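Peer 1: Submitted below is the structure of interest, expressed as structure tokens.
The values are calculated or read from the model by the stated rules, or taken from the named source; none is laboratory data. Being a predicted model, the structure only gives us computed values, none of them experimental. We place every Cβ from the backbone using ideal geometry, glycine too, and count neighbours over all the protein chains shown. Side chains included, ligands, DNA and RNA excluded: accessible areas come from the protein's heavy atoms. Shrake-Rupley method; radii C 1.70, N 1.55, O 1.52, S 1.80 Å.
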Amino acid sequence: MKKIELLAPAKDLECGIAAINCGADAVYIGAACFGAREDAGNGLDDLETMVNYAHKYWAKVYVTVNTILRDDEIPRALKLVHQLYNIGADGIILQDVGLLECGIPPIPIIASTQMHNNTPEKVTFLEQIGIKRAILPRELSLDEIKRIRERTSIELECFIHGSLCVSYSGQCYLSYALGRRSGNRGECAQPCRKPYSLIDGSGKALARNAHLLSLKDLNLSEHLPELIQAGVTSFKIEGRLKDKAYVSNVVSYYRAKLDEILADQELCRSSSGASDVDFMPNVEKTFNRGYTTHFLNGRGEPSGCINTPKMLGETIGKVVAVYGRNVTIDTKVPMHCGDGICFFDRSGELRGTVINGVNEQTVIPYKLDGLAEDVLIYRNHDHEFLTKLDNCHAERRIDVKLTLGETSDGFVLQAVDEDGIQAEYRLQCEKTRAEKPEQALTNIRKQLLKSGNTDFACVDVTVDLPEVYFMPISQLNTLRRNVLDELASSRAANRPKSEGKIIKNDIPYPAEELSYLGNVLNRYAAAFYRRHGITSMEHAAETGLDLHGRKVMTTRHCVKHQLGLCAKYGGKSIAVQSLALIDGEGHKLDLRFDCARCEMEVYLGK
């Protein structure tokens with residue numbers, strides 16, 4: 001059966017274990033260095049613990065080593081890759097091809113989305129050099145994914161939920177251009193979330209102080225079947241900076257969605273065990289900027305969240321009265337003490353406060369500033385839900401069936417789990433016929449069904465004895481405990497493993513020249529591209545290039561479309577020679593529009 005993977009983020013060991021317990025088939029996690037999320041690093045001891053925990057369920061752990069590297073960093077990065085291989089990591093997420101020149105161990109290599117894997121030609125090339133999996137850009141449409149699958153057999157990983165980068169992945173230099181903090185080095189300062197004013201060539205402002213490059217969050221939960229049909233085998237949740245509550249909520253939500261789909265389509269998950277959580281997941285309740293399907297079905301509703309890059313949450317209702325410390329809201333949504341609410345005041349500024357008291361539709365907020373009649377209220381912190389989420393219990397167990405039989409000098413208990421892995425344990429002991437056979441059989445089944453604090457759930461017990469014996473509880477517990485220990489060992493010995501092999505060939509790269517957009521920061525990467533036919537190469541921006549007047553971002557997000565100024569999509573046509581974004585520090589970003597390709601390019605002003 002075709003296996004489908006639910007892939008979860010892990011900021012740290014706690015988040016990773018929560019993801020596995022809630023049903024993730026794999027997690028991706030950062031090492032102490034060289035990850036594209038600088039603030040989400042983990043030491044080798046924690047990573048090894050994570051690997052060992054995941055492997056009990058045949059789940060996988062992928063480690064990010066996806067920054068571009070300087071020459072002096074290559075030996076340390078290579079050592080790290082060897083260490084990750086030695087602790088049993090299931091794959092390395094990599095951006096810098098320089099490492100492929102350095103004799104890496106036979107560990108599967110996953111091409112980071114930072115490698116901009118956006119065309120069949122590019123992904124075909126990756127497959128031909130031995131890359132195991134390609135992580136697809138977030139902005140690809142279903143048709144584009146299908147075209148990649150038609151040309152390749154490589155594993156395809158696709159983002160389905162979480163924050164969106166506005167730029168094409170690996171092709172954003174805005175943070176580096178403005179403050180020398182490189183996204184390709186794991187240091188992005190997220191200038192795309194800042195407010196900008198949009199001005200035309202005459203200096204006229206078409207929009208003021210709006211978050212014109214900030215996008216909503218991705219949510220493809222209603223499109224998983226189409227993505228499976230398109231050829232995606234790994235469904236990725238974004239969020240390596242998110243906390244345990246977020247991970248638990250979102251993973252549980254998508255686990256339930258996928259399980260229903262897999263059953264209908266006769267597919268299977270890529271790991272073992274079923275998860276049981278004591279809460280009802282709701283992705284509206286944890287951090288999001290509003291949801292979008294982005295460009296999955298082409299250009300539709302704008303993806304931007306231009307009013308704020310923060311979470312607004314669910315709409316509560318409008319204020320109908322403010323008197324004393326009391327605020328009455330026209331709402332049918334139950335509110336609680338401790339809820340966080342937010343709203344835009346009459347000047348358009350986002351404000352927030354906490355509810356200290358509730359009496360049906362009337363609340364007592366901590367602060368009244370900005371609250372007035374007709375102000376629309378949102379709840380961005382559901383105290384009751386998040387408290388339950390913080391204290392949630394998630395348990396994951398592997399189904400096992402037991403058969404009790406007789407030997408010449410005692411008993412044997414055999415076990416077979418949901419993956420067909422078998423084990424047995426034999427116990428030498430005296431046998432005593434049961435005086436009350438029915439009661440004895442009931443006791444045997446009852447005790448053997450108790451799996452305790454193990455990773456197994458005993459779902460069926462067969463008693464295959466020629467006659468019924470009285471068996472003390474201690475004997476039954478010994479049989480069950482030891483056969484489950486044997487089964488755990490057998491599972492570890494039989495866990496499916498895959499190795500990688502980078503093929504050093506001279507397959508032509510699907511280009512002849514590379515500009516700084518190729519992100520070549522070290523001599524090993526340069527050697528890689530020369531071997532694959534690149535004849536002209538520019539060094540990476542991070543070598544210190546002056547980016548004034550140069551492109552710092554390419555995106556499918558278009559501010560004209562966002563603001564209803566694109567005639568192609570039914571908006572108001574504007575006859576202007578140039579548009580630019582100006583931030584609060586006076587930095588100017590010149591915009592260019594490739595309407596034939598439906599792309600916007602951002603250049604750092606001179």
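Peer 1: Show the residues, 5+ positions off or on another chain, whose built amide H is closer than 5 Å to the amide H of residue 406.
Peer 2: Answer set, sorted by chain and number: 412.
Peer 1: Mind grabbing the accessible area of residue 3 for me, 1.4 Å probe, Å², rounded to tens?
Peer 2: Solvent-accessible area, nearest 10 Å²: 110 Å².
Peer 1: For each pair in 2/257; 122/236; 60/446, compute the distance between the two Cα atoms and list the pairs where it is over 28 Å.
Peer 2: Listed pairs above 28 Å: 60/446.
Peer 1: Carbon and sulfur: what percent of segment 293-366's accessible surface (1.4 Å probe)?
Peer 2: For segment 293-366, the apolar C and S fraction of the accessible surface comes to 50 percent.
Peer 1: May I ask you to evaluate 6.51 cos²θ - 1.76 cosθ + 1.60, the Karplus curve with θ = phi - 60°, for each residue of segment 74-82 and list the ³J(HN,Hα) values in order in whole Hz, giving x for glycine and proline?
Peer 2: Result, rounded to whole Hz: 4, x, 5, 5, 5, 4, 4, 4, 5.
Peer 1: Cα axis of helix 437-448 to longest principal axis of the chain: angle in degrees, 0 to 90, nearest 10?
Peer 2: 30 degrees
Peer 1: Counting only protein heavy atoms and using a 1.4 Å probe, what share of the accessible area of segment 456-600 belongs to carbon plus sulfur, as a whole percent? Please report the intermediate quantities before stating the final value.
Peer 2: Values: 3620 of 7600 Å².
Carbon and sulfur: 48 percent of the exposed surface of segment 456-600.
Peer 1: Using only the alpha carbons, work out the radius of gyration and Dmax of segment 402-502 in angstrom.
Peer 2: 15.7, 67
Peer 1: On alpha-carbon atoms, Rg over Rh for segment 465-544 using Kirkwood Rh? Working shown, then result.
Peer 2: Working: Rg = 29.6 Å, Rh = 18.4 Å.
Using Cα coordinates only, the ratio equals 1.61.
Peer 1: Here is a follow-up. At R0 = 45 Å, how high is the FRET efficiency between residue 490 and residue 314 if r is their beta carbon distance? Nearest 0.05 is fine.
Peer 2: FRET efficiency, residue 490 to residue 314: 0.40.
Peer 1: Accessible area per residue for the chain in Å², computed with a 1.4 Å probe and the full protein assembly in place, what is it?
Peer 2: 44 Å²
Peer 1: Kirkwood hydrodynamic radius (Cα pairs, Å) of segment 315-447?
Peer 2: Here the Kirkwood hydrodynamic radius works out to 20.3 Å.
Peer 1: May I pose another question? Could you give the nm distance between label points at residue 446 and residue 512, where each point is 7 Å from its Cα heading toward the beta carbon?
Peer 2: The two pseudo-label positions are separated by 8.2 nm.
Peer 1: Would you grab the residues whose amide H sits under 5 Å from the one on residue 551? Only those 5+ places off in sequence or on another chain, please, with H modelled 1.01 Å from N.
Peer 2: The list, which skips near neighbours in sequence, is empty: none.
Peer 1: Can you sort 411, 344, 470 by 1.4 Å-probe accessible area, starting with the largest?
Peer 2: Numbers: 411 0, 344 50, 470 120 Å².
Sorted by accessible area, descending: 470, 344, 411.
Peer 1: Within the set of other residues whose C-beta is less than 15 Å from the C-beta of residue 493, count the net charge using Lys and Arg as +1 and Asp and Glu as -1.
Peer 2: Residues close to residue 493 contribute a combined charge of -1.
Peer 1: Let me ask something additional. Taking the 0 to 90 degree range and rounding to the nearest ten, how far is the long axis of helix 473-494 tilted relative to the main principal axis of the chain, both from C-alpha atoms?
Peer 2: 50 degrees
Peer 1: Provide the per-residue ³J(HN,Hα) series for segment 295-303, in order, calculated from phi with Karplus coefficients 6.51, -1.76, 1.60 and θ = phi - 60°, each as a whole number of Hz, with x at glycine and proline positions.
Peer 2: So the J values, rounded to whole Hz, are 10, 4, 10, x, 6, x, 5, x, 8.
Peer 1: Sticking with this one: Working from Cα positions, state the angle (0 to 90°, nearest 10) between the long axis of helix 44-55 and the longest principal axis of the chain.
Peer 2: The angle comes out at about 60 degrees.
Peer 1: Not counting ligands, DNA or RNA, and with a 1.4 Å probe, what is residue 553's accessible surface area in Å² rounded to the nearest 10?
Peer 2: 0 Å²
Peer 1: Near residue 234, within a Cβ-to-Cβ distance under 9 Å, what is the net charge of the other residues, with Lys and Arg +1 and Asp and Glu -1? Show your work: numbers first, answer last.
Peer 2: Values: positive: 133, 236; negative: 5, 25, 155, 157.
So the environment of residue 234 carries a net charge of -2.
Peer 1: Sticking with this structure for a sec: Treating cross-link reach as a plain straight distance, find the lysines whose alpha-carbon is under 19 Å from the alpha-carbon of residue 56, omitting any fewer than eight places away in the same chain.
Peer 2: Cross-link targets: 3, 401, 497.
Peer 1: Another question about this same structure. Report residue 236's accessible area, 1.4 Å probe, all protein chains in place, as a number in Å² to the nearest 10.
Peer 2: 10 Å²
Peer 1: Which far-off residues, 5 or more places away or on another chain, put their amide H under 5 Å from the one on residue 26, with H placed in the peptide plane?
Peer 2: Long-range HN contacts for residue 26: 6, 8, 60.
Peer 1: I would also like to ask the following. Normalised by the number of residues in the chain, what is the relative contact order in percent for Cα pairs under 8 Å and 6+ residues apart?
Peer 2: So the answer I get is 16 percent.
Peer 1: Using only the C-alpha atoms of segment 220-341, find the volume of their convex hull and express it per residue in Å³.
Peer 2: Per-residue hull volume (Cα only) is 174 Å³.
Peer 1: Give the lysines whose C-alpha is closer than 18 Å to that of residue 310, dropping any in the same chain fewer than 8 places away, or say none.
Peer 2: 194, 216, 242, 285
Peer 1: If each DSSP helix of 4+ residues adds -39,500 (n - 2.57) and the sum is divided by the residues in the chain, what number results at 222 nm, nearest 500 deg cm²/dmol?
Peer 2: Helix-only estimate at 222 nm: -7000 deg cm²/dmol.
Peer 1: Given N residues in segment 77-180, what is Rg(Cα) / (2.2 N^0.38 Å)?
Peer 2: Here the answer is 1.15, to two decimals.
Peer 1: Still on this structure: Just add up the charged neighbours of residue 333: K/R +1, D/E -1, any other residue whose Cβ is under 14 Å from the Cβ of residue 333.
Peer 2: -3
Peer 1: Turning to a different aspect of this structure: Sorted from largest to smallest, which semi-axis lengths in Å does the alpha carbon gyration tensor of the chain give for its equivalent ellipsoid, taking the root of 5 times each eigenvalue?
Peer 2: Ellipsoid half-lengths, sorted descending, are 49, 35, 19 Å.
Peer 1: Now, a different point. Using each residue's phi in segment 317-322, evaluate 6.51 cos²θ - 1.76 cosθ + 1.60 at θ = phi - 60° and report the 3J(HN,Hα) Karplus result to the nearest Hz, with x for Gly and Pro.
Peer 2: Going residue by residue, I get x, 8, 5, 10, 6, 10 Hz, with x marking Gly and Pro.
Peer 1: Additional query: Just want to confirm a number: the relative contact order over segment 1-101, from Cα pairs under 8 angstrom separated by 6+ residues, in percent.
Peer 2: The value is 24 percent.
Peer 1: Could I ask something else about it? For residue 477 and residue 222, what does the FRET efficiency come to when R0 = 41 Å and r is the distance between their Cβ atoms, rounded to the nearest 0.05?
Peer 2: So, using R0 = 41 Å, E works out to roughly 0.30.
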